[in-house]
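Take a look at the structure set out below.
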């Protein structure tokens, strides 16, 4: 609901941060958008009707003094902390220190500043990646029953960040929730330098718009979640006065494949073709892993928070295609 005190969003120039900023502005909130990078011009144009309620601050979450100053001075009612470095296997050796700085020390800086400023509600973005090696069974990944077992730098640092967040909830009295975000695609995704591999949907859509071919190592079955639904869930968590749940998965509870997305692309772009790759090395779309992760359990999100995703496969495809046509975003990424 609209409020005179703003909501501060870290990582505001990033993929999910921009979705949260846009959703907050559209419903009438004042927003403090914090990022070390400037917001893209296209994004500023998209939110221009709400510009009077948007305050952009270029600051780095790894700078404790900057976070204390911004949060202490502007005293936001709530914070949605999305800032992260999403390094994958190819980049983790080169960027391990940066991932730890942003995902752990940056989180600590935001938590300390939030506690000192008396922020009323914090939504900390973690990731379904924290389930790690325990994420490839048959059962849905449950916040309580599935033990996190991260094995790569990104997932390890995200688990460390969420454990810090929950500890500050206990020792500093923060009304905080950890949101374990599912595998995302949708508006505002692009090559910003902080995500090693873009979603298969982005990759395939870019190929389709260029008249290329998508070769898939496998269909790519997962509970993919549209970025607008992630923003919607974040706002629902932000608005929840209750301190429970402490941790909530943000997912859809629905499984569909990248191959199905490619079928929709082929109907829209007749020069595009997709099919199975002869070998994994021949694939032109990176599915991120050699196997499909189990879906996130979403009962907490739906039952305790009262949020249900709005977009199924076809709705997400139609909305994304319309958004790309209106913004020209894909042409610049």
Are any residues in the stretch 245-256 assigned to a strand (DSSP E or B) and closer than 22 Å to residue 218 by Cβ, and if so, which ones?
-> 256
When (1) in a helix (DSSP H, G or I); (2) under 18 Å from residue 90 (Cβ atoms); (3) within 24 Å of the chain's Cα centre (by Cα) are applied to residue 259, the one that fails is (2)
Could you pull out the residue among 54, 74 that is over 30 Å from residue 132 (Cα atoms) and in contact with a helix residue (DSSP H, G or I) (Cβ under 8 Å, 6 or more places away or on another chain)?
-> 54
Determine, yes or no, whether residue 45 is more than 18 Å from residue 18 (Cα to Cα), at pLDDT 95 or above, out of contact with any strand residue (DSSP E or B) (no Cβ under 8 Å at 6 or more places or on another chain) and surrounded by fewer than 19 Cβ atoms within 10 Å (Cβ to Cβ).
-> no
Name the residues in the stretch 281-294 that are closer than 22 Å to residue 223 by Cα and either surrounded by 12 or more Cβ atoms within 10 Å (Cβ to Cβ) or at pLDDT 95 or above (or both), would you?
-> 283, 284, 285, 286, 287, 288, 289, 292, 293, 294
Confirm whether residue 181 is over 14 Å from the mean Cα position of the chain (by Cα) and under 30 Å from residue 315 (Cα atoms).
-> no
Test set (1) touching a residue at least 24 places away in the same chain (Cβ under 8 Å); (2) farther than 20 Å from residue 291 by Cβ - residue 184 fails condition number | (2)
Please enumerate the residues belonging to the stretch 295-328 that are under 18 Å from residue 23 (Cα atoms) and more than 17 Å from the chain's Cα centre (by Cα).
-> 305, 306, 315, 319, 322, 323, 324, 326, 327
Do we find a residue being surrounded by 15 or more Cβ atoms within 10 Å (Cβ to Cβ), more than 15 Å from the chain's Cα centre (by Cα) and farther than 23 Å from residue 225 by Cα anywhere in the stretch 11-25?
-> no
Can you tell me which residue among 265, 313, 255, 301 is closer than 22 Å to residue 140 by Cβ, buried (at least 20 other Cβ atoms within 10 Å of the Cβ) and either modelled with pLDDT of 95 or more or in contact with a helix residue (DSSP H, G or I) (Cβ under 6 Å, 6 or more places away or on another chain) (or both)?
-> 301
Taking the condition in contact with a helix residue (DSSP H, G or I) (Cβ under 7 Å, 6 or more places away or on another chain) and either surrounded by fewer than 23 Cβ atoms within 10 Å (Cβ to Cβ) or under 24 Å from residue 309 (Cα atoms) (or both), does residue 178 pass?
-> yes
Conditions (1) part of a loop (DSSP other than H, G, I, E, B); (2) under 30 Å from residue 211 (Cβ atoms); (3) touching a helix residue (DSSP H, G or I) at 6+ places or on another chain (Cβ under 9 Å) -> residue 242 fails only (2)
Here is a list of conditions, (1) in contact with a strand residue (DSSP E or B) (Cβ under 9 Å, 6 or more places away or on another chain); (2) surrounded by fewer than 17 Cβ atoms within 10 Å (Cβ to Cβ); (3) assigned to a loop (DSSP other than H, G, I, E, B), and residue 211 meets all of them except one; can you say which number that is?
-> (1)
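The values are calculated or read from the model by the stated rules, or taken from the named source; none is laboratory data. All figures in this text were calculated on a predicted structure; none of them were measured in a lab. Here the Cβ is made from the backbone with ideal geometry for all residues, glycine too, and neighbour counts use every protein chain on show.
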